[in-house]
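Undergrad: Handing you a structure now.
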Amino acid sequence: MLKSGLDKDLQSIAHENYQFKNWAKTFQCRPELLFTPQTEQQVVKVVELAKQSNKRIKVFGSGHSPSDLACTTDFLVNIDNMNRLLSVNQDQCTISVQAGMSLHKLHVVLKENNMALSNLGSISDQSIAGVMATASHGTGAHFGCMSTFIINLTMVTADGKIVHCSAIENPDLFMAAKCSLGCLGIVTQMTLKAEPSFRLEAIQKPYKFPEVLDNWDATIHSAEHVRVWWYPHTDDCVVWRSNRTEKPATTTIQTMTNAATTWWYERALGFHIYQGLLNMTRFQPNVIPSLTQFMFNKVHSRPVHVIDDAHKIFNFDCLFPQYVNEWAIAWDDAPAVLRKLEAYISKHNLKVHFPVEIRFVDEDDIWLSPAYGRKTCYIGVIMYRPYGNPVPYKKYWKGYEDIMRQYGGRPHWAKAHGQTQQDLRQSYPKFDNFLDVRQQVDPHGMFLNDYLERHIVDPQRKSGQILSKL
């Protein structure tokens, strides 16, 4: 389909010859057309065009998902231009925004209204719609995933209708849409629950990993927000803890006192030199354990104590492109899982990168949330791609996934994984409820793609139109 054949309104938001690459440059696609709508009515027009021309649609934001969840060869839609503040209720601590707003912008808007999100993940580059579509998460034993913030939302469904849903209005659609994987429609607006603006005091210290595992429950509940980084090939880890505080933020003068030292350790050594050394280990992987110990000793074993606005404390630099895998298990099972993972790495003489990141999320009732019905520990593994170069990771991933499956693991939806639809049905009590809602709102599979057909959609539930397209 050519852009020139569209009406003028669609021509103004259509782009030809676009190639999508995710942030890590591990997945890419070349859609027939890219659309960048600025209004809800333009979204409706794109959906109506897709319906008329039997095209599929996928929506993407920052492209941070390390999988092909956002990929398609038909119509790709980016709603970054739909980023306006719609309304604020300071008494109720709620905010309504267009769903294309980035988390970075949301933090600014919330601060201007003396509010903040209660929890947050590692980065804020993503769109609000994107983090909610995959039930993205931060850490904190008494804090749910980010999708638990949603009070109501608006979406354009495959028939071109604008549908509102909440716990009262279209409640089944709401429970499915709070973690939708982008397969129910295009979310255009959301109302989120926040809390009064707050600062966090974060303290990070080194520990011996076996001691942390032996005192697991105490570690989980040792602060409002707790994160553990384990350094494979060592018995070292760091525990990051943060709590709400009324103490003043670390001042510029205090920060600048150690600015040169901080730049050296965190940017020069921790980023640039480390990336160069990692690239060298592609040819000498046996050096990786020594490099890990060196980086821990020189950079990560240094105690950290900082106070700042909440979002600045929650976020940190994720360094350079990477392969990542992350699954969720019941947090009581995590010590056994981590010991098995350590044994697997040792037995198979794997040389893997640090860290293994460990975070905690409270249970929720969102149908496809990995934290559905259980207090959850997310365990993430990583293999960096220095300068974008490939590194071996598949054997590590297979062993990791096999261990997580033994303990009822559920993969993070944004990340590439090996679970089948039958595996996921056994993991999620409301899986078939989700499929029923998806079939009702998108019977011809407009919002499906390869990822969703590998992992989510039962072929028997597809319509004849989709089967003929395949």
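The values are calculated or read from the model by the stated rules, or taken from the named source; none is laboratory data. Keep in mind that what you see is a predicted model, and the values were worked out from it rather than measured. Virtual Cβ from ideal backbone geometry, glycine too; neighbours counted across all protein chains shown.
Undergrad: If I filter region 1-38 down to residues being touching a helix residue (DSSP H, G or I) at 6+ places or on another chain (Cβ under 8 Å) and among the small types (Gly, Ala, Ser), which single residue comes out as farthest from residue 59 (Cα to Cα)?
TA: 4
Undergrad: Every residue in region 173-215 that is of a type in the set (S, T, N, Q) and touching a residue at least 12 places away in the same chain (Cβ under 8 Å), please. Outline the logic, then answer.
TA: Narrowing region 173-215 to residues of a type in the set (S, T, N, Q): 180, 188-189, 191, 197, 204, 215.
Selection gives 180, 188, 189, 191, 197, 204.
Results for (1) modelled with pLDDT under 95; (2) loosely packed, with under 15 Cβ neighbours inside 10 Å, shown as yes or no for each residue.
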{"position": "263", "(1), (2)": "yes, yes"}
{"position": "269", "(1), (2)": "yes, no"}
{"position": "276", "(1), (2)": "no, yes"}
{"position": "303", "(1), (2)": "yes, yes"}
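Undergrad: Would you point out the residue of region 150-162, among those that are under 16 Å from residue 179 (Cα atoms) and not hydroxyl-bearing (Ser, Thr, Tyr), that is farthest from the chain's Cα centre (by Cα)? Don't jump to the end; show me each part of the working.
TA: Narrowing region 150-162 to residues under 16 Å from residue 179 (Cα atoms): 150-157.
Next, only the ones that are not hydroxyl-bearing (Ser, Thr, Tyr) stay: 150-153, 155-156.
Details: 150: 16, 151: 20, 152: 20, 153: 19, 155: 21, 156: 23 Å.
Step by step, filter region 150-162, then rank; the result is 156.
Undergrad: Could you list, in sequence order, the residues of region 305-319 that are surrounded by fewer than 21 Cβ atoms within 10 Å (Cβ to Cβ) and in contact with a Lys or Arg (Cβ under 7 Å, 6 or more places away or on another chain)?
TA: Those that are surrounded by fewer than 21 Cβ atoms within 10 Å (Cβ to Cβ) and in contact with a Lys or Arg (Cβ under 7 Å, 6 or more places away or on another chain): 307, 308, 309.
Undergrad: So which residues in region 445-470 are part of a helix (DSSP H, G or I), among the aliphatic types (A, V, I, L, M) and either surrounded by 12 or more Cβ atoms within 10 Å (Cβ to Cβ) or at pLDDT 95 or above (or both), if there are any at all?
TA: As a first pass, look at region 445-470 and keep what is part of a helix (DSSP H, G or I): 450-455, 459-461, 464-469.
Restricting the remaining residues to those that are among the aliphatic types (A, V, I, L, M) gives 452, 466-467.
Matches in region 445-470: 452, 466.
Undergrad: Could you go through region 182-200 and let me know if any residue there is surrounded by 22 or more Cβ atoms within 10 Å (Cβ to Cβ), farther than 26 Å from residue 65 by Cβ and of a type outside the set (Lys, Arg).
TA: Yes - at least one qualifying residue is present in region 182-200.
Undergrad: Limited to region 383-405, what total is found for residues that are within 18 Å of residue 338 (Cα to Cα), touching a residue at least 40 places away in the same chain (Cβ under 8 Å) and touching a helix residue (DSSP H, G or I) at 6+ places or on another chain (Cβ under 8 Å)?
TA: 6
Undergrad: Still on this structure: Determine whether region 210-226 contains at least one residue that is in contact with a strand residue (DSSP E or B) (Cβ under 7 Å, 6 or more places away or on another chain) and farther than 23 Å from residue 120 by Cα. Walk me through how you get there before you give the answer.
TA: In the first step, residues of region 210-226 are kept if they are in contact with a strand residue (DSSP E or B) (Cβ under 7 Å, 6 or more places away or on another chain); the result is 212, 219-220, 222-226.
Cutting the leftovers down to farther than 23 Å from residue 120 by Cα gives us 212.
Within region 210-226, one or more residues are in contact with a strand residue (DSSP E or B) (Cβ under 7 Å, 6 or more places away or on another chain) and farther than 23 Å from residue 120 by Cα.
Undergrad: Filter region 323-373 down to the residues that are among the β-branched types (Val, Ile, Thr) and touching a Leu at 6+ places or on another chain (Cβ under 9 Å), then identify the one that is farthest from residue 392 (Cα to Cα).
TA: As a first pass, look at region 323-373 and keep what is among the β-branched types (Val, Ile, Thr): 324, 329, 337, 345, 352, 356, 358, 361, 366.
After this cut, where a residue has to be touching a Leu at 6+ places or on another chain (Cβ under 9 Å) as well, the list is 356, 358.
Working: 356: 17, 358: 22 Å.
Per the criteria, the residue is 358.
Undergrad: Taking the condition of being under 16 Å from residue 27 (Cβ atoms), in a strand (DSSP E or B) and hydrophobic (A, V, I, L, M, F, W, C), how many residues in region 42-71 meet it? Steps first, answer last, please.
TA: Step one: filter region 42-71 for residues under 16 Å from residue 27 (Cβ atoms), giving 58-71.
Right, trim to in a strand (DSSP E or B) and you get 58-60.
Filter once more, keeping what is hydrophobic (A, V, I, L, M, F, W, C): 59-60.
Residues that pass the stated criteria total 2.
Undergrad: Still on this model: Just checking, which of 360, 296 is crowded, with 17+ Cβ neighbours inside 10 Å, out of contact with any Cys (no Cβ under 6 Å at 6 or more places or on another chain), modelled with pLDDT of 95 or more and not small (Gly, Ala, Ser)? Walk me through how you get there before you give the answer.
TA: Details: 360 fails: out of contact with any Cys (no Cβ under 6 Å at 6 or more places or on another chain).
Exactly one residue qualifies, and that residue is 296.
To keep it simple, each residue is scored yes or no on (1) touching a residue at least 24 places away in the same chain (Cβ under 8 Å); (2) closer than 30 Å to residue 174 by Cβ; (3) out of contact with any Ser or Thr (no Cβ under 7 Å at 6 or more places or on another chain); (4) not aromatic (Phe, Trp, Tyr).
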{"site": "304", "(1), (2), (3), (4)": "yes, no, yes, yes"}
{"site": "309", "(1), (2), (3), (4)": "yes, no, yes, yes"}
{"site": "320", "(1), (2), (3), (4)": "yes, no, yes, no"}
{"site": "324", "(1), (2), (3), (4)": "yes, yes, yes, yes"}
{"site": "337", "(1), (2), (3), (4)": "yes, no, yes, yes"}
{"site": "344", "(1), (2), (3), (4)": "yes, no, yes, no"}
{"site": "360", "(1), (2), (3), (4)": "yes, yes, no, no"}
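Undergrad: Still on this structure, please answer the following. Based on what the data block shows, is residue 1 hydrophobic (A, V, I, L, M, F, W, C) and either farther than 30 Å from residue 137 by Cα or in a helix (DSSP H, G or I) (or both)?
TA: Values: hydrophobic (A, V, I, L, M, F, W, C): yes; either farther than 30 Å from residue 137 by Cα or in a helix (DSSP H, G or I) (or both): yes.
It is true that residue 1 is hydrophobic (A, V, I, L, M, F, W, C) and either farther than 30 Å from residue 137 by Cα or in a helix (DSSP H, G or I) (or both).
Undergrad: Filter region 94-115 down to the residues that are charged (D, E, K, R) and touching a strand residue (DSSP E or B) at 6+ places or on another chain (Cβ under 8 Å) and list them by number. It would help to see each step written out before you state the result.
TA: Residues of region 94-115 charged (D, E, K, R): 105, 111-112.
Scanning region 94-115 gives a single hit, 111.
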